[in-house]
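Inspection log for the structure reproduced underneath, given as structure tokens.
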Amino acid sequence: MDDIFIKEEETDKRKLFELRQSEKIINNLLKTLVNYFLNIAKILEGGKLDMLFLSDGLSFNNLSHPAELVRFEPLTLLASLSAVTTNIGLVATASTTYNEPFHIARKFSSLDHLSGGRSAWNVVTSYYQTEANNFNQQSHLDHSLRYKRAAEFVEVVKGLWDSWEEDALVRDKKSGQYFIPDKLHTLNHQGNYYSVKGPLNSSRSPQGRPIIVQAGSSDDGIHLAAQTADVIFTAQQTLEDAQAFYKKVKQKAVEFGRSPDDVKIMPGVSPYIGHTVEEAFEKYEQLQQLITPEIGLEFLSEYLGGLDLSAYDLDGPLPDEIPETNGNQSRRQLIIDLAKREQLTIRQLYLRIAGSRGHRMIFGTPEQIADQLEEWIVNEAADGFNLMFSHFPNSLEDFVKEVIPILQQRGLFRTEYEGSTLRENLGLSQVESRYAKQATTTE
């Protein structure tokens, strides 16, 4: 009997040892991941780039990219990075469909204070049906409704960010007065989709309010972006399409009473750099060989609204009839147009978009890469770029070391950060509280 107890005790000890070893492995992995992002942030700061942008999703499937299977919640990771960076902007993605305005306003305001005015919110409405299933919903909201709700959502968030005027907190020890009551404002919002009283329990942002980023290129997306966004990510493939989008958004912003300079348009671009053009293409082809048909088809299917392509010849064209989607409409159309314009087969198409997410790809020497970026800047197709590197940190390091100095020599890119906040570094005007404006007007 004693022998049984001894064996059970040894088994328990072995299990405990194995558990602790597993915990140690997991903790080391998490530490490695944090250091990985920290290294990227440091490289970005060294290159004087504007911001580190983290996408996000609220669901996945077995064929999702490994980076999407297990990932940090963006705001948590960026809060960690804020403590060990100085200038780089910190952009987190958060959905208006599966959050509440008060939560978003408070979280991004907190990140802005922690980072000294470097936070930005990438506004998305979500487009996967499976995300709805994770939030007590049987179906995803209609595309048009999502954007109507999002417009009101953003306005509520901006209203909450105006709860405290800049000089509201006096913290006077002698008098015992902590704040000036007339400079704290209750929102009392009553709208079609939201009822939010306020005020927000976070003081005014170091940069007036966090930067708002938006990426929709559909008519609904353009309307929302022109009305609310400071920065717009987009995915045009040609100079002509990019110029048309640039002009349309800037004009739309003016219709909303904004200056065209208040909206910075940044198309996505994936650069492949080599000592020769041939070497740049070789790097691209090496990565392309790693994409399996199963993964590629799944990725393409997602962008085409879940269209099942398994019955089609991979070396044939897309089907003529592709159903409308309640998901990402603008990216769906860009991919269909790309396939038609370049007469791509299904295989060629999924290979094209798997690495760059349907964004423009450019190839060449550092000088040639700089030329291609400059062309879009000087021809009013872009104010900057959302750089989408094929792999980290190598491709990022190549760009910072080899392309950034050329852009600096041409006077197209900064040599030092212009200020301490993301708003200053983007060249955006300071945002005044709506209540301070009212007081000025009344006077």
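The figures follow:
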read-out: Tally, over region 342-368, of residues that are at pLDDT 95 or above and either part of a helix (DSSP H, G or I) or within 27 Å of the chain's Cα centre (by Cα) (or both); value: 6
read-out: Region 296-324 residues that are buried (at least 19 other Cβ atoms within 10 Å of the Cβ), paired with ones that are modelled with pLDDT of 80 or more and in a loop (DSSP other than H, G, I, E, B) (beta carbon under 6 Å, 6 or more apart); value: Leu297/Leu309
read-out: Test result for Thr292, modelled with pLDDT under 90, surrounded by fewer than 19 Cβ atoms within 10 Å (Cβ to Cβ) and touching a His at 6+ places or on another chain (Cβ under 9 Å); value: no
read-out: Selection status of Arg146, of a type in the set (Lys, Arg) and outside any helix (DSSP H, G or I); value: no
read-out: Restricting region 369-397 to residues that are among the acidic types (Asp, Glu), in a helix (DSSP H, G or I) and in contact (Cβ under 8 Å) with a residue 40 or more places away in the chain, the residue that is farthest from Phe37 (Cα to Cα); value: Glu375
read-out: Count - residues of region 190-233 that are within 17 Å of Pro101 (Cα to Cα) and assigned to a strand (DSSP E or B); value: 8
read-out: The listed residue being over 23 Å from Leu77 (Cα atoms) and in contact with a Lys or Arg (Cβ under 7 Å, 6 or more places away or on another chain), out of Tyr128, Tyr194, Tyr147, Tyr178; value: Tyr178
read-out: Qualifying residue in region 46-61 (condition: of a type in the set (Lys, Arg) and within 18 Å of Arg118 (Cβ to Cβ)); value: yes
read-out: Pair list, Cβ < 6 Å and 6+ apart or interchain, from region 205-217 residues that are buried (at least 24 other Cβ atoms within 10 Å of the Cβ) to residues that are in a strand (DSSP E or B) and of a type in the set (Gly, Ala, Ser); value: Pro210/Ser119; Pro210/Ala120; Ile211/Ala120; Val213/Ala120
read-out: Residue selected from region 95-139 under the condition surrounded by fewer than 20 Cβ atoms within 10 Å (Cβ to Cβ) and among the hydrophobic types (A, V, I, L, M, F, W, C), by the criterion nearest to Ser205 (Cα to Cα); value: Leu114
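The values are calculated or read from the model by the stated rules, or taken from the named source; none is laboratory data. Just so we're clear, the structure is a prediction, and the values are computed from it rather than from any experiment. Every residue, glycine among them, receives a Cβ derived from its backbone with ideal geometry; neighbour counts consider all protein chains shown.
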